[in-house]
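Peer 1: The structure follows.
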Amino acid sequence: MHTQDLLAADTGMGAVTLRVANLDRMIGYYTEGVRLSLLSNEGGVAVLGRGATPIVILEHTPSMQHAGAHEAGLFHTAILFDTKADLAAALYSVATKYPQTFTGSADHLVSFAFYFTDPEGNGVELYWDRDRTQWSWTHGMVDMDTKYVDPNAFLQEHLTQEALDTAAGRPGKVGHVHLSVGDVATAREFYVDKLGFATTAGWGEALFVSAGGYHHHMAMNTWNSRGAGRRQLALGLGLVRIEVPGIDDLGALTERMRHGGLDLADDGRTVAFEDPWANRIEVTAPGRG
């Protein structure tokens, strides 16, 4: 791909919106468990984050039903922590208060990750990145693996009282968003060829893409959803946000997507569209969102 067809290097992910049936229960999980701060809670919409950075937005939609187990949608929201101590504090909190939601752990070579499923079935990854100088690349693809990490040993080595005492106020953000999709080829055509991410890894039924040489800002897999079609309105993923660094970057993306035949909504603040499975995407730039 030509450089002008790629997303800007400083592109990142914004808060993920989830449609939820039980707002109070979900606020409890993300505040008491994951240790996010409740930044606002008005009109059935709760914004949770770390510091002043929104990470998860919960929209109360109790009339909606849960999606089927094999439909497209969210695989997980991945929350990135600045330090191993901050990650350990969140891991300790969720594992002690909501132990039944823990689903696994991994050393991915580029990161340490711990996985959960929230009370309404949305996947959650809590992770910390190794320094980029420690990542290995082969022919433009980042080397990743899935090696077991003992969560108890990780806590023993990295948990500090200071991180526990100040967890919610410390930095954190959405590091990447992982989706369940119907097929990888269509995902590549949309997220790479049209949207402008670069492919960084591919594991059979999974695709990893990023901007600016990150290991991945987004991923798509068919592990539970092979052959899935467009989503119907349901509980779960409501919106994925992508943040580009400047107005010119947003303009270039908008032109590229329109050239690719995509139907866009541009209200002067955000550019919004759907992927082939009706996952809603919004892209913003400073001064627009």
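Peer 1: How many of the residues making up the stretch 97-133 are in contact with an Asp or Glu (Cβ under 7 Å, 6 or more places away or on another chain), part of a loop (DSSP other than H, G, I, E, B) and surrounded by 18 or more Cβ atoms within 10 Å (Cβ to Cβ)?
Peer 2: Total satisfying the criteria: 2.
Peer 1: How many of the residues in the stretch 54-86 are open to solvent by 30 Å² or more (accessible area, probe 1.4 Å) and of a type outside the set (Phe, Trp, Tyr)?
Peer 2: Start the filter on the stretch 54-86 by keeping residues that are open to solvent by 30 Å² or more (accessible area, probe 1.4 Å), which leaves 54, 59-60, 62-71, 74-75, 82-84.
Next, from what is left, pick out any that are of a type outside the set (Phe, Trp, Tyr): 54, 59-60, 62-71, 74, 82-84.
Residues in the stretch 54-86 being open to solvent by 30 Å² or more (accessible area, probe 1.4 Å) and of a type outside the set (Phe, Trp, Tyr): 17 in total.
Peer 1: Of everything in the stretch 134-164 that's modelled with pLDDT of 95 or more, open to solvent by 70 Å² or more (accessible area, probe 1.4 Å) and in a helix (DSSP H, G or I), which residue is nearest to His215 (Cα to Cα)?
Peer 2: Within the stretch 134-164, the match that is nearest to His215 (Cα to Cα) is Gln134.
Peer 1: Tell me, which residue of the stretch 33-45 that is open to solvent by less than 30 Å² (accessible area, probe 1.4 Å) and either of a type in the set (Val, Ile, Thr) or in contact with a His (Cβ under 8 Å, 6 or more places away or on another chain) (or both) is farthest from Thr77 (Cα to Cα)?
Peer 2: Among residues in the stretch 33-45 that are open to solvent by less than 30 Å² (accessible area, probe 1.4 Å) and either of a type in the set (Val, Ile, Thr) or in contact with a His (Cβ under 8 Å, 6 or more places away or on another chain) (or both), the one farthest from Thr77 (Cα to Cα) is Gly44.
Peer 1: Would you mind telling me which numbered condition in (1) in a helix (DSSP H, G or I); (2) touching a Phe, Trp or Tyr at 6+ places or on another chain (Cβ under 6 Å) Arg256 fails?
Peer 2: Of (1) in a helix (DSSP H, G or I); (2) touching a Phe, Trp or Tyr at 6+ places or on another chain (Cβ under 6 Å), only one is false for Arg256: (2).
Yes/no matrix, rows are residues, columns are (1) under 24 Å from Ile57 (Cα atoms); (2) crowded, with 21+ Cβ neighbours inside 10 Å:
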residue	(1), (2)
Leu207	no, yes
Gly212	no, no
Gly229	no, no
Ala234	yes, no
Ile242	yes, yes
Gly251	no, no
Met257	no, no
Asp267	yes, no
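Peer 1: Considering only the stretch 165-182, state which residues are at pLDDT 95 or above and either closer than 12 Å to Asp82 by Cα or open to solvent by 60 Å² or more (accessible area, probe 1.4 Å) (or both).
Peer 2: Taking the stretch 165-182 as the starting set, the residues that turn out to be at pLDDT 95 or above are 173-182.
Hits for the stretch 165-182 are Lys173, Val174, Gly175.
Peer 1: Which number in (1) more than 30 Å from Leu253 (Cβ to Cβ); (2) touching a residue at least 40 places away in the same chain (Cβ under 8 Å); (3) open to solvent by 20 Å² or more (accessible area, probe 1.4 Å) marks the one condition that Leu6 misses?
Peer 2: Looking at each condition in turn, Leu6 falls short on (1).
Peer 1: Counting only residues that are touching a helix residue (DSSP H, G or I) at 6+ places or on another chain (Cβ under 9 Å) and of a type in the set (S, T, N, Q), how many does the stretch 169-209 have?
Peer 2: Residues in the stretch 169-209 being touching a helix residue (DSSP H, G or I) at 6+ places or on another chain (Cβ under 9 Å) and of a type in the set (S, T, N, Q): 1 in total.
Peer 1: With the structure loaded, tell me whether Gly14 is open to solvent by less than 70 Å² (accessible area, probe 1.4 Å), over 17 Å from the mean Cα position of the chain (by Cα) and either among the basic types (Lys, Arg) or more than 24 Å from Thr96 (Cβ to Cβ) (or both) or whether it fails that test.
Peer 2: Details: open to solvent by less than 70 Å² (accessible area, probe 1.4 Å): yes; over 17 Å from the mean Cα position of the chain (by Cα): no; either among the basic types (Lys, Arg) or more than 24 Å from Thr96 (Cβ to Cβ) (or both): yes.
Against the criterion (open to solvent by less than 70 Å² (accessible area, probe 1.4 Å), over 17 Å from the mean Cα position of the chain (by Cα) and either among the basic types (Lys, Arg) or more than 24 Å from Thr96 (Cβ to Cβ) (or both)), Gly14 does not qualify.
The values are calculated or read from the model by the stated rules, or taken from the named source; none is laboratory data. Just so we're clear, the structure is a prediction, and the values are computed from it rather than from any experiment. Don't worry about glycine lacking a Cβ; one is built from the backbone with ideal geometry, like all the others, and counts go over all protein chains shown. For accessibility, only protein heavy atoms count, side chains too; no ligands or nucleic acids. Shrake-Rupley method; radii C 1.70, N 1.55, O 1.52, S 1.80 Å.
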